[in-house]
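The values are calculated or read from the model by the stated rules, or taken from the named source; none is laboratory data. Everything numeric in this text was worked out from a predicted model, so none of it was measured. FYI the Cβ positions are ideal-geometry reconstructions off the backbone, even for glycines, and counts take in every protein chain you see.
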Amino acid sequence: MFKLLKYADKYKVYAFICPVLMIGEVMFELLIPQVMADIVETILLTENADAAAQSAAIHDIFAYGGKMLIFAICSLCCGSLAARVGAVAGMGFGASLRHGLMEKLQTFSFSNIDKFSTASLITRMTTDVNTVQNTFLMLIRIFFRAPIMLVSALILCIRMSPEVASVFAVALPIIVIVLAIFAPIAIKRFRIMLKKFDKFNASIQENFTNIRVVKAFVRTDYEKKKFKNSNDNLTESAISAEKIMVLGEPALMLLMYLTITAIVIIATKSISEMKLEVGQFTAIFTYAFQILMSFLMTIMILAQFFMAEASAKRIGEVLNEEPDIKDPENPIKEVSDGSVEFKNVSFRYGSGGDVIKDVSFKINSGEMIGIMGATGSSKSSVVQLIPRLYDTASGEVLVGGRNVKEYSVYGLREAVSMVLQKNVLFSGTIAENLRWGNKNATDEELKKACEISDALSFVESFPDGFNTDLGQGGVNVSGGQKQRLCIARAILKNPKILILDDSTSAVDTATDARIRSALRKYTPDTTKIIIAQRISSVSDCDKIIILDGGAIADIGTHKELLERSEIYRDIYDAQQKGCDEFEAERSEQ
Ligand SMILES: Nc1ncnc2c1ncn2[C@@H]1O[C@H](COP(=O)(O)OP(=O)(O)OP(=O)(O)O)[C@@H](O)[C@H]1O
Ligand SMILES: [Mg+2]
């Protein structure tokens, strides 16, 4: 928790002023019972006095009343100012912590993100930051106030009556023992509750982001059940945590009232023995409450602090996570050409087994390369190594003749444009989405890119053309249209290497062929790597790489592979057979 305090740096003046003001509030609050005692004493002394003495006493009482009012106003001013300053510091701390987390998340590589999961990152950034922020606010407002109040009230009480004060010597340790029994159980249960909360968030996040799939598979009932389970789980653990609090609170209250009773008994005895004045008794009574309340407060804050530790730890994990893909010292800023070479590359996700096994191949700048293989044969994994979305486990990936690790990540990714298999569009207009590729692109350039990706005709058929709003995640366009817009966005970057990972799977064969021929015509210097399931999507490529179980099975042209690669021939035959059967059926009709 303390390590996170550096995020409160900007607000340290506020964080410092707040406790000072709180101390001011305490001081004025502690003075009030003293004046109260004086008032009671004055009344008692003049009870049987003559009229002149009584009118003098009334005058004194008014003066005391005025004093009390001033102290109360000062206490109020300090208190409300402290609340305001504290809120600025607390909220500011939370905001800069969230900002810090956001900055850090932007540096994360895919594998860093894989490690945490999106849902957990969201919980860390919202619920956990809130907990830490509230604890910080409590710390600066009450952490100083409560102990100062406790010590000062105790000293004043001892000064007035050591006998009465001795009650606290017994009562306070007993309260500590009771709390020592309850608090660890409560903290443990609250931590469990936080974990359940994490799971709950993950479950609703998954449901909401994939609501269309849920509906398409008519899984609404299943999802409802799943939600109910995690909601019930969360409620159960929250009740279990609250139960211990509910048990603890009356126990503490009982202890408090026993203490007060003991104080009343001892104080009455002291008054009868003339050791204590009646006026002082009222002050002592107020102090007793202040001592007990501030003592409980101090302990509560400590408990809250321990609970927030769990949240602080989870935030710390994100902040301390080393992005595993970083710029080297003196990085190369620009990629010279679009050549790609894999030298004995192996790769694995996290601690799993190798998904790429000793892969080597070379692609010359400007070539069009196809990658084929069964599903799960690591096609996507191979191409993700080119823009360094992941790093190799061993071997080297060279782009433009240099190891990808020698480039600045920005420079490398500027040169390598990739249409991911799971691609997304964002809410906003078509033009805004396309300009993700190049924010300064002119309308002409947008048109050109759409022409290459065969998107122009349908974009222009929309009444608002390029200004058509896409809705969240691009819901307003069909799957094939979305793919073509994603390709246009990638082309707009004017990359040296363009990677299309199964990016034309939802478009028909004729459109697919048109896109490839436009790519050849308009981007002759760009290296094009096309992952596809259909032979027709790669048959005219300069070379086709066949992957099998993460290793290279063969590399060659369509013709060569048909002659010598069994895997390729099998895929070809299967697809050809499909076509022939279709043709036969059609001719029969
Ligand atoms: N983020 C990930 N974390 C762990 N394992 C992964 C991850 N992504 C892929 N894998 C695993 O790596 C292997 C290769 O996956 P990859 O996505 O590269 O296959 P692919 O050839 O692109 O398949 P497809 O044709 O279905 O897209 C698979 O066994 C898969 O389970
Ligand atoms: Mg894939």
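Results, tabulated for the structure shown:
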{"item": "Test result for GLU367, more than 13 Å from ligand 1 (Cβ to nearest atom) and in contact with a helix residue (DSSP H, G or I) (Cβ under 6 Å, 6 or more places away or on another chain)", "result": "no"}
{"item": "Residue satisfying all of: in the range 378-434; surrounded by fewer than 16 Cβ atoms within 10 Å (Cβ to Cβ) and hydroxyl-bearing (Ser, Thr, Tyr); farthest from ligand 1 (Cβ to nearest atom) among these", "result": "THR429"}
{"item": "Sole exception among (1) more than 30 Å from ARG388 (Cα to Cα); (2) modelled with pLDDT under 90 for ASN130, by number", "result": "(2)"}
{"item": "Hits in the range 200-212 (condition: at pLDDT below 75 and either assigned to a helix (DSSP H, G or I) or in contact with a strand residue (DSSP E or B) (Cβ under 6 Å, 6 or more places away or on another chain) (or both))", "result": "THR209, ARG212"}
{"item": "The range 506-551, residues that are more than 16 Å from ligand 1 (Cβ to nearest atom) and among the acidic types (Asp, Glu)", "result": "ASP508, ASP512, ASP525, ASP540, ASP542"}
{"item": "Tabulated pairs, the range 283-298, first of a type in the set (Phe, Trp, Tyr) and assigned to a helix (DSSP H, G or I), second buried (at least 23 other Cβ atoms within 10 Å of the Cβ) and modelled with pLDDT of 85 or more, C-beta under 6 angstrom, 6+ apart or interchain", "result": "TYR287/ALA153; TYR287/CYS157"}
{"item": "Failed condition for SER517, given (1) within 16 Å of ligand 2 (Cβ to nearest atom); (2) out of contact with any Ser or Thr (no Cβ under 8 Å at 6 or more places or on another chain); (3) of a type in the set (Gly, Ala, Ser)", "result": "(1)"}
{"item": "The range 348-364, residues that are closer than 26 Å to ARG534 by Cβ and within 13 Å of ligand 1 (Cβ to nearest atom)", "result": "VAL355, ILE356, LYS357, VAL359"}
{"item": "Odd one out for ASN438, checked against (1) surrounded by 15 or more Cβ atoms within 10 Å (Cβ to Cβ); (2) farther than 17 Å from VAL419 by Cβ", "result": "(2)"}
